[in-house]
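To keep things clear, I will list the structure first and then write my remarks on it.
Read the figures in this text as sums done on the coordinates, not as results from a lab. Just so it is clear, the structure is predicted and the values come from calculations on it, not from any experiment. Because the Cβ atoms are built from the backbone with ideal geometry, glycine has one as well, and the counts that use them run over all protein chains shown.
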Amino acid sequence: MSEPQPLEDKLHGTALAVSPFGDCEGECRTHTEYETLARELRRQREELLKEFGETEDDLQAMGEERESEWTENAVEERQRYLLTNLDGHERETLGEIRVESKSKTHEGRTRSS
């Protein structure tokens with residue numbers, strides 16, 4: 001096999017040796033650097049995926065809370081609508097139901113005392 005041929009750098013006038021075979025020390029060092037970088041990138045990826053998962057869980061919980069609030073608000077709004085649209089007879093009936101409910105609650109308390 002022939003010796004590597006030096007190439008002359010036209011800008012600086014220095015000779016560079018080019019070998020068709022890699023320098024073992026340089027290759028080993030480069031290989032180790034690649035492994036180190038790969039490990040670091042995998043670690044960062046794991047960290048980002050974990051953070052993404054936690055954020056996704058937080059968003060899911062927030063969405064569920066919001067949905068619950070919307071449902072409660074919708075029920076309250078519907079009740080307000082129904083109460084404002086009751087006619088006189090319906091209001092009177094509702095008042096009677098409330099009075100009966102209170103008196104039954106009062107009777108239950110006095111019996112248990």
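So is Leu86 surrounded by 10 or more Cβ atoms within 10 Å (Cβ to Cβ) and not in a helix (DSSP H, G or I) or not? Criteria met by Leu86.
For first residues located in the stretch 63-83 and touching a residue at least 40 places away in the same chain (Cβ under 8 Å) and surrounded by 10 or more Cβ atoms within 10 Å (Cβ to Cβ), partners that are assigned to a helix (DSSP H, G or I) and not basic (Lys, Arg) and lie 6+ apart or on another chain with Cβ distances below 8 Å do not occur.
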